[in-house]
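Here's the structure we're looking at; comments come further down.
The values are calculated or read from the model by the stated rules, or taken from the named source; none is laboratory data. Everything numeric here is computed off the predicted structure, so don't read it as measured data. As a convention, Cβ positions derive from the backbone with ideal geometry for all residues, glycine included, and neighbour counts pool all protein chains shown. For the accessible areas, the whole protein counts, side chains as well, though only heavy atoms, and no ligand, DNA or RNA atoms are used. Shrake-Rupley method; radii C 1.70, N 1.55, O 1.52, S 1.80 Å.
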Amino acid sequence: MEFWRGSVFYEIYMKSFQDSNGDGLGDFVGLTSRLDYLADLGVDGIWLTPFYPSPQVDNGYDVSDYCEINPDYGNMTDFREFMKAADERGIKVIIDLVLNHSSTEHVWFKESRKNKTNSKRDYYIWREKPNNWESFFGGSAWELDDLTGEYYYHSFAKEQADLNWSNQAVRAEIEQILAFWLNEGVAGFRLDVINNLTLVLEFPDNPVVDGEMEHVYDRNQQGLEQALEDIASFCRKEREVFLVGEISSDKLPEIAKYSSEKMLDVTFNFNFGSVEQIDAKSVFTSLNEMETALNEGQWPTLFFGSHDMSRFLTRLADGNLSKTKLLAFLMLTAKGVPFIYYGEEVGLPDLPFSSVKEMRDIQGTNAYYQALKTGSNEEDALKIAIGKTRDKARGPMVFPDKRPFTLDEPWIKMASLKEEEALSMWQFYKTLLAFRKAHDFKEKEYAFLRLDGEILSYQRGEFLFLLHFGEDKVLYPLSGQKQLVFGEADMLETGIRLGAYTGIALRVED
Ligand code: GLC
């Protein structure tokens, strides 16, 4: 059985995790020093956001050298020490590969733009005329390059040029990158925006409906499945390699399509991550949709936060700790592969902003200047930027070993948490992860999935999970032998009484 089934991953945003040399940026030496913390917390794997040399236009998702370490984070020796220390603690490491585009500072692009006959010209996508495709960060996806008078394609920032996947030479370079990191012992890859790959050099305009572009021709292109199968079979030649795909879409069938035995192990489904509201019914619907959409034997991912979205304590629970815990309980007990985003385990809230100067994420700053351009005043533009900036979830990690937390700590004030609450959050995650470890969750499919009012219930193996999304106490009728193995509830003759936002696990006897 694959190692990732039953594993819990922990996403680390490199810059903000642990600094070791006082330059204010996280690094590998710092990260290594925190492996005991992660082992103690009980995670099985780490997903590292890009740590390669990069001009940092999009915080590392603009890679200028795929097989090196950004000097801000250390060097290859530090990386190898980190990998060894992680291995000694039984923690697997998956790394983020940004193969859809490179930085325009990458040597390939520097060569490519020189002249039309350069051997690297066709590593990227050059056209005499742009079409109507839009960049994810706003504006046209085509940039005119004065040197040769042609436009190059960038589905993200203009400093992130899309690679030409129809070029076999590019594919060969990519295989070398995969081989390089596999040789360094990584357990797998998180493949960034992998359904954006340009595999076909045809550029019909995308339809625009009610002012919104529909990504019909620039995503999910013909040949994507084959390209993913090729990557998968290349990676898995010698051993099991975990492949996680980020699919730019919020449509489950589209996302699920690329998760199969021959392609990616799992694909990120954003139906929890990107929602603004959540309740028992919406969760029930989502879980069912995942069951229907996924191919036989494939599992969904489970996450509420990442470096690309607002933290769920703020976004979905409005700072309510019980509700946050309930969502964490769902993430760690439902069927799927959970990805904890660093800091969730201590209740980190979103960072607040009072000026655009405090932001560095291009998604926020671009939105700000775009709004000014289209006539917004500064105040409104700032509001738009605050909505868009992903910096809100990229604040510095706060470790619980600074115990006791003091009320002076800005993040505690921001989240209006009491120090004991932050600590109780961390204990909650730790206990839940220990519970998972004690009972193998690899094989556990749902025996059933039900919704009764505000109570969601599912059974996996010998465990029945009850999740109460309401604020009032409720009685859940249940007969037969049952033993409360996780969480708090009143066990009565007639059933179980659950308090507000409570998740419990029961062992049910046959
Ligand atoms: C992915 C990353 C995001 C980045 C984008 C472009 O969505 O998660 O942070 O901006 O790809 O590489």
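Look at (1) surrounded by fewer than 22 Cβ atoms within 10 Å (Cβ to Cβ); (2) aliphatic (A, V, I, L, M); (3) within 16 Å of the ligand (Cβ to nearest atom) and you find that I362 fails only one, number (1). Anything in the range 156-191 that is open to solvent by 10 Å² or more (accessible area, probe 1.4 Å) and within 13 Å of the ligand (Cβ to nearest atom)? List them, or say none. Selection gives F156, K158, E159. Criterion applied to Y10, Y61 was being outside any helix (DSSP H, G or I), within 15 Å of the ligand (Cβ to nearest atom) and of a type in the set (S, T, Y), and the one residue passing it is Y61. Just so you know, in the range 87-111 the residues that are acidic (D, E) and farther than 22 Å from I231 by Cβ include one that is nearest to the ligand (Cβ to nearest atom), and it is E105.
Within the range 33-45, can one find any residue that is within 16 Å of the ligand (Cβ to nearest atom), assigned by TED's automatic domain parsing to the domain that holds F82 and in a strand (DSSP E or B)? Within the range 33-45, none of the residues are within 16 Å of the ligand (Cβ to nearest atom), assigned by TED's automatic domain parsing to the domain that holds F82 and in a strand (DSSP E or B). I need the full set of residues from the range 306-340 which are polar (S, T, N, Q) and either more than 16 Å from the ligand (Cβ to nearest atom) or more than 26 Å from M14 (Cα to Cα) (or both), in order please. The answer is T314, N320, S322, T324, T333.
Figure legend. Inter-residue proximity from the range 188-206: first residues within 30 Å of G45 (Cα to Cα) and in contact (Cβ under 8 Å) with a residue 40 or more places away in the chain, second residues open to solvent by 30 Å² or more (accessible area, probe 1.4 Å) and within 16 Å of the ligand (Cβ to nearest atom), beta-carbon distance below 8 Å, spacing 6+ or different chains. Indicated pairs: N195/R219; N195/N220; N195/E254; N196/R219.
Kindly evaluate K357 against the criterion of being among the charged types (D, E, K, R), farther than 21 Å from M14 by Cβ and open to solvent by 20 Å² or more (accessible area, probe 1.4 Å). Here the answer is yes, as K357 does meet what is asked. A count restricted to the range 148-171 and to residues that are without any contact (Cβ under 8 Å) to a residue 60 or more places away in the chain and under 27 Å from the mean Cα position of the chain (by Cα) stands at 6. The number of residues in the range 181-216 being assigned to a helix (DSSP H, G or I) and closer than 15 Å to A232 by Cα comes to 4.
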